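**Q** So that we are looking at the same thing, I have put the structure below in structure tokens.
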Amino acid sequence: MGDTPKHVAVIMDGNGRWAQSRGLPRLAGHEAGSKSIERCVQACIDTGVEYLTLYAFSSENWKRPALEVNGLMLLLEKFLNQKRDEMVREGIRLHHIGRIDELPTVCRRKLREVMEATASNTRLHLVLALSYSGRAEIVDAVKSLAADAESGAIQPDDITPDLFASRLNTSDMPDPDLLIRTSGEMRISNFLLWQLSYTEIHVTKKLWPDFQKDDFLAALEDYRSRSRRYGCVAG
Ligand code: FPP
């Protein structure tokens, strides 16, 4: 195949285990995980990946202990504060998916501010999934189509995969070509359920804080070795 994936999505798993194995609090694992984000962003720039979507906080993550949730929100705020100017300079455009109205006001404001500041950038689209649930996203899209059908703006027969996709948070992005999941778990975990239909999946046993540029390059190599058939016969 030889191509570089245009869109890479990542389930950044294993922060807690990384910390626990060192006798550290879970938040130390998330903090180390933030450094892996920096390496991953740089690896995307170096290899020409255009979209990087990171599963930073799922809707289910709200059920974690308040200390961990608050710590993750502080890490998000710190990341946005520290990386804002670099993103502007390096041509990185920030996006979000998920229900960000559920985030603390300070995170929401900062997100909006960095998204506005980077809105004209095109080198790398960095998409943070925050308070994100694939099922909730699909339900929201269904509600929006149902409301249009009820008002007569569309007929049920007008609903096509393209129209449906246009109501998702990802309407302005291509579907991921490659999904990377760290820590060896073989699950999708409610991430981009519609968008991952034909995505190649690369699972590594490495825990997210240990994920290095070489691991990213290995995932790209694995992707290049696949024959993507989209349900058709091999060519
Ligand atoms: C999964 O590890 C990871 C998360 C729930 C959060 C990911 C967050 C970061 C990498 C850092 C903060 C984000 C930004 C955008 C700065 P886990 O805790 O489920 O690990 P475990 O399965 O080993 O317990």
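The values are calculated or read from the model by the stated rules, or taken from the named source; none is laboratory data. If you're wondering where the values come from, they're calculated on a predicted model, not measured in any experiment. Glycine also receives a Cβ, built like all others from the backbone with ideal geometry; neighbour counts cover every protein chain displayed. Only protein heavy atoms, including side chains, enter the accessible area calculation; ligands, DNA and RNA are left aside. Shrake-Rupley method; radii C 1.70, N 1.55, O 1.52, S 1.80 Å.
**Q** Could you give the length gained by full extension between LYS143 and THR160, i.e. 0.36 nm per residue of separation minus their alpha carbon distance, to one decimal place? Write out the running numbers ahead of the final one.
**A** Working: separation 17, 0.36 × 17 = 6.12 nm, distance 1.50 nm.
Using 0.36 nm per residue and subtracting the Cα-Cα distance, I get 4.6 nm.
**Q** Same structure, new question: So what is the orientation-averaged projected area of the chain, using the convex hull of its C-alpha atoms, in nm²?
**A** Computed as one quarter of the Cα hull surface, the answer is 14.3 nm².
**Q** Counting only protein heavy atoms, what percent of the accessible surface of the chain is carbon or sulfur at a 1.4 Å probe?
**A** Summing carbon and sulfur atoms, their accessible area is 50 percent of the total for the chain.
**Q** Scan the chain and report its longest stretch carrying no chymotrypsin sites (Phe, Trp or Tyr not before Pro) that are both in a DSSP loop and have at most 16 other Cβ atoms within 10 Å.
**A** With chymotrypsin sites (Phe, Trp or Tyr not before Pro) excluded where exposed in loops, the chain gives 1-193 as its longest stretch.
**Q** For the chain, build the charge dipole from Cβ charges (+1 Lys, Arg; -1 Asp, Glu) around the Cα centre, then report which of PHE211, ILE154, VAL10 sits farthest towards its positive end.
**A** The one lying farthest along the dipole's positive direction is PHE211.
**Q** Can you pull out the trypsin sites (Lys or Arg not before Pro) in region 180-216 that DSSP calls coil and that have at most 14 other Cβ atoms within 10 Å?
**A** Those satisfying the criteria are ARG187, LYS205.
**Q** In whole angstrom, and with the biggest value first, how far do the Cα coordinates of region 134-192 range along each principal axis?
**A** So the three principal-axis extents are 48, 19, 16 Å.
**Q** Per the Kirkwood definition applied to all pairs of different Cα atoms, how many angstroms is the hydrodynamic radius of region 63-116?
**A** On the way: mean 1/r = 0.0841 Å⁻¹.
Hydrodynamic radius (Kirkwood, Cα only) of region 63-116 equals 11.9 Å.
**Q** With a cap of 16 neighbouring Cβ atoms within 10 Å, and only residues DSSP puts in a loop, list the trypsin sites (Lys or Arg not before Pro) found in region 79-111.
**A** Values: sites: LYS83, ARG84, ARG89, ARG93, ARG99, ARG108, ARG109, LYS110; in loops: ARG99.
Those satisfying the criteria are ARG99.
**Q** Now a separate question. Determine the relative contact order of region 169-235: mean sequence separation of Cα pairs under 8 Å and six or more apart, normalised by residue count, in whole percent. Walk me through the numbers on the way to the answer.
**A** Numbers: 56 pairs, mean separation 22.5, N = 67.
Computed over region 169-235, the figure is 34 percent.
**Q** Then there is this: Could you run the Debye sum over the Cα atoms of region 68-156, one equal point scatterer each and no solvent, and tell me log10 of I(q)/I(0) at q = 0.18, 0.20 Å⁻¹, two decimals?
**A** -0.83, -0.93
**Q** Shifting gears a bit: Are any of the pairs LYS6/LYS110; LYS35/LYS205; LYS35/LYS78; LYS110/LYS213; LYS110/LYS206; LYS6/LYS63 more than 24 Å apart by Cα-Cα distance, and if so, which?
**A** Exceeds cut-off: LYS6/LYS110; LYS110/LYS213; LYS110/LYS206; LYS6/LYS63.
**Q** For the chain, list the DSSP H helices whose alpha carbon atoms reach 20 Å or more along the long axis and whose average Kyte-Doolittle value is -1.0 or above?
**A** Sorted by number, the helices that extend far enough and score high enough are 26-47, 66-90, 134-151.
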